[in-house]
Amino acid sequence: MTIAQYSFNKKNITSGIVHIGVGNFHRAHQQYYTNLLLENEDQQNWGICGICLLSSDEKIVNSLRSQNLDYTLTVCGRDGKDEVFNIGSLTELIWGIENPKAVIEKIADKDIKIITLTITEGGYNLDKETNEFNLNDEKIQHDLNNSENPTTVFGFIAEGLRQRKTTGNGPVTILSCDNLQHNGNTAKSAFTTFIENQDKDLAEWVKTNVTFPNSMVDRITPATTPEDVLRLNEKNGTHDKAPVYCEDFTQWVIEDNFIAGRPDWEKVGVEFTDDVTAFENMKLSLLNASHTLLSYPSFLKGYRKVDEAMMDKSIVKFVRDFMEIDITPYVPAPKNTDLNLYKQTLIERFANHSVSDQVSRLCFDGISKFPVYIIPNLIKMVNDDKDLTKLAFLAAAYRHYLKYKVDDNGHSFEVAEPWITEEDKQLTTNESPLQFLGSSAFKSIDLQSNEKFTRLYLKFADEIKNQGAGKALETII
């Protein structure tokens, strides 16, 4: 396998971007675009300094440091042909657990013009019911009262901005790259609420010195298992300790609101716009919502790979009907976008055998995903008196997945819900399925008193329990 090597001299690259959350998606998406851009000599002040804040980041930090922060990215084509890139745009890597002071100093550095984030949908510390920043969180309270010894992303950025203000190192843009509708607005609300409650003077400075553009990001990037590491290294003839693989589709649309300048990412395929809303709505409503829709029924039917689930005609029809019948009426196509082609491409992307995404990755953190991907359009469907069958089935499948932790084949499994509350757990284990509709996933809509929805939901909860998710699904397609 031929690997596309970067030709720029890494020693000549300076960091103009700090990125918090150096996970697989970031390394397959933002780093990919930036790696291409750095081939332009006039863009070499836009290297990326990665920042990791979690104790669980130790392995990836050590792996990347052992290989000069380079790694391979395998782009898996839908035609079965792969491309492999050696990525060199990660110019520095700081682990906050090891050196918190260095994190703060880097955020304050005058050369840093942009702070980007991939901290997950649940990482913005929003109350699921009010959508307001949760000031009562124990870690947030610690950081509010210990500004010089932060532990959260909010505390680190606030202290970095405070030093930036004090030293006169100029304005900066904070750019969220997480899958949230209006992610820039969400980031602005979270960070400014934290800062207003910690430092009023800094809050005033932020108003005129920090911008928060909205963006839409898209590239399916599975988790890399130890088996994947062996497979990719054998296939590519490499000894990479931190390889990443992803699909061949990629998209990044950003509102052009950068107060301190930005890279010319448009040279490598990034689209800049005045308003990202239509792109966000299309992606979250069709791709992300469809991922959530297929995840729990597929997992309960025994599938562990998305491409395998997409060979099941009942799953494919379930997803297609959801996109065509339920969601398309609420998705105005962005400019120059063929919505029918977009939906067909989604089906092809989900079925990409080379990527073979994990169903468990799609199931991960449903508590945070439902309010973002499912509930907004469900509210519209309820208001418009639409058919609620497929989403009632999804809710019943999600409850069964959380409560019983066993699939149709009798195989038990563990669930991964990092943001689930004790109240959510009690509502899930309650013998009455209706109680589950009061959990965090559904806080922004009153489903318990919606007779049309609950009648379908209770029917499916019973059928999934007694007949299995597969049999229950066959009744609605």
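The values are calculated or read from the model by the stated rules, or taken from the named source; none is laboratory data. If you're wondering where the values come from, they're calculated on a predicted model, not measured in any experiment. We place every Cβ from the backbone using ideal geometry, glycine too, and count neighbours over all the protein chains shown. Surface areas here come from the heavy atoms of the whole protein model, side chains and all, with no ligands, DNA or RNA. Shrake-Rupley method; radii C 1.70, N 1.55, O 1.52, S 1.80 Å.
So, of the residues in the range 189-219 that are in contact with a Lys or Arg (Cβ under 6 Å, 6 or more places away or on another chain) and over 19 Å from V372 (Cβ atoms), which turns out to be most open to solvent (accessible area, probe 1.4 Å)?
W205
Given the residues N136, N146, which is the only one that is without any contact (Cβ under 8 Å) to a residue 40 or more places away in the chain and within 28 Å of L447 (Cα to Cα)?
Every option except N136 fails the conditions.
Out of the range 33-88, which residues are within 18 Å of V355 (Cα to Cα), out of contact with any helix residue (DSSP H, G or I) (no Cβ under 7 Å at 6 or more places or on another chain), open to solvent by 10 Å² or more (accessible area, probe 1.4 Å) and not in a strand (DSSP E or B)?
Within the range 33-88, D79, G80, K81 meet the criteria.
Kindly provide the set of residues from the range 375-400 that are open to solvent by 10 Å² or more (accessible area, probe 1.4 Å) and closer than 21 Å to H182 by Cβ, ordered by number.
P376, I379, K380, N383
Is there any pair with a first residue in the range 296-309 that is touching a residue at least 24 places away in the same chain (Cβ under 8 Å) and open to solvent by 30 Å² or more (accessible area, probe 1.4 Å) and a second that is part of a helix (DSSP H, G or I) and not aromatic (F, W, Y) whose Cβ atoms are under 7 Å apart and which are 6 or more apart or on different chains, and what are they?
So the pair list comes out as K301/A469; K301/G470; Y303/A309; Y303/V359; R304/V359; R304/S360; K305/V359.
Output the residue which, of all residues in the range 160-181 that are in a helix (DSSP H, G or I) and either open to solvent by 20 Å² or more (accessible area, probe 1.4 Å) or not charged (D, E, K, R) (or both), is farthest from Q198 (Cα to Cα).
Here the answer is T167.
When you go through K110, K139 one by one, which is the residue that is open to solvent by 60 Å² or more (accessible area, probe 1.4 Å), in a loop (DSSP other than H, G, I, E, B) and under 20 Å from L202 (Cβ atoms)?
Testing whether each residue is open to solvent by 60 Å² or more (accessible area, probe 1.4 Å), in a loop (DSSP other than H, G, I, E, B) and under 20 Å from L202 (Cβ atoms) leaves just K110.
Report, by residue number, each residue of the range 387-407 that is in a loop (DSSP other than H, G, I, E, B) and under 12 Å from L456 (Cβ atoms).
D387, L388 - these are the residues of the range 387-407 that are in a loop (DSSP other than H, G, I, E, B) and under 12 Å from L456 (Cβ atoms).
Only one of these conditions is not met by N336: (1) on the phi > 0 side of the Ramachandran plot; (2) in contact (Cβ under 8 Å) with a residue 40 or more places away in the chain. Which number is it?
(2)
Being modelled with pLDDT of 95 or more, among the acidic types (D, E) and in contact with an Asp or Glu (Cβ under 9 Å, 6 or more places away or on another chain) is the requirement here; does E227 meet it?
no
Per-residue answers, yes or no, for (1) β-branched (V, I, T); (2) under 27 Å from Q43 (Cα atoms):
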| site | (1), (2) |
| --- | --- |
| K106 | no, yes |
| K113 | no, yes |
| I119 | yes, yes |
| T130 | yes, no |
| L144 | no, no |
| E148 | no, no |
| P171 | no, yes |
| N197 | no, no |
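Quick one: what pairs do we get from the range 460-477, first residue more than 11 Å from L300 (Cα to Cα) and free of Cβ contacts under 8 Å to residues at least 12 places away in the same chain, second among the aromatic types (F, W, Y) and not in a helix (DSSP H, G or I), C-beta under 9 Å, 6+ apart or different chains?
Nothing qualifies.
Only residues in the range 432-444 that are open to solvent by 20 Å² or more (accessible area, probe 1.4 Å) count as the first member; pair them with residues that are charged (D, E, K, R) and in a helix (DSSP H, G or I), Cβ under 7 angstrom, at least 6 apart or cross-chain, and list the lot.
That search, which allows pairs on different chains as well, returns P433/R399.
Before we move on, is L126 open to solvent by less than 10 Å² (accessible area, probe 1.4 Å) and touching a residue at least 12 places away in the same chain (Cβ under 8 Å)?
No: the conditions fail for L126.
Output the residue which, of all residues in the range 334-354 that are surrounded by 15 or more Cβ atoms within 10 Å (Cβ to Cβ) and out of contact with any Phe, Trp or Tyr (no Cβ under 7 Å at 6 or more places or on another chain), is modelled with the lowest pLDDT.
Out of the qualifying residues, it is S354.
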